[in-house]
Structures are given as structure tokens and as C-alpha cells.
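Visitor: Next up is a structure, given as C-alpha cells.
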Amino acid sequence: MSQPTPTDQQIADSTVNRQEILEVARLARLGVDESTADSYANDITKVLNLMHTLGLSLIHISEPTRRTPI
């Protein structure tokens, strides 16, 4: 079965920025500096773009670790 090609909007939605990382870190009370937040944002964005390219979702990634199927 062929996976649909991601749209430009889906790809744009998969971009994570430093401010989002800093906000999550603040809410979780984690000490994350701006340089680390930039690094995390770049890494997460790469993973999300790769998931879109391969047509994967979080269910595809987490399913192999579940004891019972979804």
C-alpha cells in the first residue's frame, strides 16, 4: 500500500523551534539552556521530517513495543 506524500503544510507543522523546547522544559521544570534547546529542536525536526518522508506515524514507531496490538 502506497503512503500519501506529505503536504507542505504537514512538513511545516513538523518544524520544532527553540521556544517550543524551552516552553516544554519550563513546564517540566527541566534546566535546558538555549543552546541545548536549539539542538533538541533540530534533532526533533529531523526525526519528524524523516517520519513524514517514510510515511510513518507515532503508532508505527511505538506499535512494536506494545504488548497488545492497537
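Visitor: Can you tell me which condition residue 5 does not meet? The list is (1) at pLDDT 70 or above; (2) open to solvent by 100 Å² or more (accessible area, probe 1.4 Å); (3) part of a loop (DSSP other than H, G, I, E, B), and all the others hold.
Guide: Here residue 5 clears every test but (1).
Visitor: Out of all the residues in the stretch 25-38, which are assigned to a helix (DSSP H, G or I) and surrounded by 14 or more Cβ atoms within 10 Å (Cβ to Cβ)?
Guide: Within the stretch 25-38, the first condition is being assigned to a helix (DSSP H, G or I), and the residues that meet it are 25-27, 34-38.
Listed by number, the residues that qualify are 25, 36, 37, 38.
Visitor: Moving on. Taking the condition under 11 Å from the mean Cα position of the chain (by Cα), at pLDDT 85 or above and among the charged types (D, E, K, R), does residue 43 pass?
Guide: Values: under 11 Å from the mean Cα position of the chain (by Cα): yes; at pLDDT 85 or above: yes; among the charged types (D, E, K, R): yes.
Spelling it out, residue 43 is indeed under 11 Å from the mean Cα position of the chain (by Cα), at pLDDT 85 or above and among the charged types (D, E, K, R).
The values are calculated or read from the model by the stated rules, or taken from the named source; none is laboratory data. Predicted model only: the values in this text are computed from it and were never measured. Cβ coordinates were reconstructed from backbone atoms using ideal geometry, including for glycine residues, and neighbour counts include every protein chain displayed. Only protein heavy atoms, including side chains, enter the accessible area calculation; ligands, DNA and RNA are left aside. Shrake-Rupley method; radii C 1.70, N 1.55, O 1.52, S 1.80 Å.
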